[in-house]
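Okay, so here's the structure we're looking at.
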Amino acid sequence: MEGVYRFLLTPRWWGINVFVVLAIPFCIFMGSWQLGRFEDRVQDHETASTQQESAAREAARPLTELLPVDKATVGRQTTVTGRYDDQLLVPERKLDDREGFYVLTLLRTDGGEALPVVRGWLPGEPDPARAPAPPTGEVTVTGALQAAESPGAGGVSGRSGWPDGQTGAISAATLLNLVPYDVYDAWVTLNEGDSGMRAVPVSAPQNTGLDLKAFQNLGYTAEWFAFVGFVIFMWFRLLRREVELARDAELGLVAEDGKDGEDTEDEDAGRARAGLVS
């Protein structure tokens, strides 16, 4: 029986065995890493949900105490005083599966910078005539602090070339091209919609939800562990094939060059007939 397994000492099988020994732990490591990424996203989602619930019960704090916006401050209640200035519409925003638009007004603070304030949501196509005018004079607003949006992420449209008076994303990088003053790289959604508009719900920070990326991590986890099984299956299949060939060779059913005895005899007979004819 020992002679049957002598092929395991050949260079070819040394290469196969080294590959298997290295591939299995590597696949297990990658699968575990992807699973850890998925678990981290689940934890972030639970933390963000808990944070939003607690933030809604907290007293509003001045904006300067909550900047810059991060995972710890997003969704926190803030209060800001200033005067409303330019007003823009943010199209292609859904609420309760209905298409509509945000009414975004820039609140000029005493420091000179403006804070984007989403005063509410309206259904249908963006129409400046339907957007209520902002209050005049000095106002104090209270709402949930939100992180700057990135075009093409988190449901934000990635298209460009919006009509005058519209913007696709709420961020300083986008708004600085539309207004002649500095803008905070954050925004606020009012707790209660202004002038009969519906209030825009607080959104979780990007990459903290059970989104497509999270389930991609879970899918990659399954792929890496499936590859471990595939490697083991192919190794045993190759081993079984080599053992069967070695046993056949010992019984004389397979010639040294891998051809069975009957094929070899037929070739010898063919060469003999060729010699007679010549």
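Just so it is clear, none of the values below were taken in a lab; they were calculated from the coordinates. No experiment lies behind these values; they were computed from the predicted model shown. Cβ placement follows ideal geometry from the backbone for every residue including glycine, while neighbour counts extend to all protein chains displayed.
Quick notes on this one:
- For a label point 7 Å along the Cα-to-beta-carbon line of SER195, residues of region 122-153 with backbone N under 13 Å: 122, 127-137
- The slack between ASP110 and THR81, meaning 0.36 nm per residue of separation minus the straight C-alpha distance, is 9.6 nm.
- Dividing the radius of gyration of the alpha carbons in region 95-190 by their Kirkwood radius gives 0.93 for Rg/Rh.
- Taking a sphere under 14 Å around the Cβ of TRP121 and counting the other residues whose Cβ falls inside, with K and R at +1 and D and E at -1, yields a net charge of -2.
- Length gained when the stretch ASP96-ALA59 is fully extended (0.36 nm per residue, less Cα-Cα span): 10.5 nm
- Simple label model, 7 Å out from Cα along Cβ direction - LEU239 to ASN177, nm: 6.2 nm
- SER32-ALA222 pseudo-label distance in nm [points 7 Å out on the Cα-to-Cβ vector]: 2.2 nm
- Inter-label distance, ALA249 to VAL21: 2.3 nm, where each label sits 7 Å from its Cα along the C-beta direction.
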